[in-house]
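This report concerns only the one structure given below.
Throughout, read-outs are computed from the coordinates displayed, never taken from laboratory work. Predicted, not measured: the structure shown is a model, and the values here were computed from it. Glycine also receives a Cβ, built like all others from the backbone with ideal geometry; neighbour counts cover every protein chain displayed.
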Amino acid sequence: MTEELFADVGRGIELCYTETGDPAGRPLLLVMGLGQQLIAWPDGFVDLLASRGFRVITFDNRDAGRSTHAGYRPPPLMAILRNRIPADAYNLGDLGQDTVGLLDALGLESVHIAGVSMGGMIAQTVAARFPQRVRTLTSIMSTTGARKVGRPALSTWIKMGGQPPRSRDEAVARAVRMFRHIGSHGFPFDEESLRARAGAAWDRDRSPAGLGRQLTAIFASGDRTDEVRRITVPTLVVHGDRDRMVHPSGGRVTHQAIAGSRLVTIPGLGHDCPAGVWPRLVDLIDEHAQDSTHAPA
């Protein structure tokens, strides 16, 4: 099992992180999505990236896993959707600053960065505001916050509602229901692995309010299209055509906003990372890193 370490990233935030691969390898920071922990990155996927010469860094965003959790109570889902944001809520810019703080703590001047879903939004924010810290950006199943695009299906919003799980068994069952819905219908569904990760996630963090605070951060950030247009680092945009969490239109508007970016649509891919897509996704990230100038903008 990879050792979990902790870094003080400033402003009272501590992030839990792991490293896999050659310490002298190309640094690749993986940023996870809404309510997900660093263990949501499948071990096999991380190992494949490490085998390509990457020094792979994964971490828990604030309010997830073993990283610092905020103290305020998140608003109800309907209040978030109506943009009733508490004054003390953080936003994606704060999560981006956490990410840069982690790079500082690790002594990394610049990295390749890949983020999924909300993690893609955080990675976009870092690339836009701190371009000197980013060698390449890979935005996966994400969006710009533009209205009417990249939004969850109504059926997905319904499944996101309801009471949070009260036990490990409930948490596992909820994860299975959700990922059967938003997962990749074009690839085999590995329920056994999902159950193991969901159980481990419950063991690491039983604070359901964290997901609500992260969702609030997304809505607090609004439409980020103008900021995303300022991204100049080499950018790869990856999306599936079966995504019920972030509609494929989110990938298209991201690509359209970033000059010179490349858009790759993977048939059958939903809002997860099934084993069947690992080789393709690793190839894309590796080729993108090699095709770039290997230097920050």
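Quick look at the values:
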read-out	value
Evaluated at q = 0.07, 0.16 Å⁻¹: base-10 log I(q)/I(0), Debye formula over Cα of the chain	-0.22, -1.43
Full-stretch length increase - ASP47, MET160 - with 0.36 nm per residue and alpha-carbon distance subtracted	37.6 nm
Karplus-derived HN-Hα couplings along segment 233-238 (A = 6.51, B = -1.76, C = 1.60, θ = phi - 60°), whole Hz, x at Gly and Pro	6, x, 10, 10, 10, 10
GNM flexibility winner over the chain from SER221, SER110, SER184 (Cα, springs under 10 Å)	SER221
Amide H partners (placed H, <5 Å) of ALA70, local residues excluded	ASP63
Length gained when the stretch ASP291-GLU191 is fully extended (0.36 nm per residue, less Cα-Cα span)	32.4 nm
Listed residues ASP63, ASP283, ASP243, most fluctuating in the chain (Gaussian network, C-alpha, under 10 Å)	ASP283
Theoretical ellipticity at 222 nm over the chain - DSSP helices of four or more residues, -39500 (n - 2.57) apiece, nearest 500	-12000 deg cm²/dmol
Within the chain, longest stretch free of exposed GluC sites (Glu not before Pro) [DSSP loop, at most 13 other beta carbons within 10 Å]	110-297
Column: log10 I(q)/I(0), Debye, Cα scatterers of segment 153-297, q = 0.08, 0.11, 0.12 Å⁻¹	-0.28, -0.54, -0.64
Candidates GLY145, GLY270, GLY222, ranked by Gaussian network fluctuation over the chain, Cα under 10 Å, top entry	GLY222
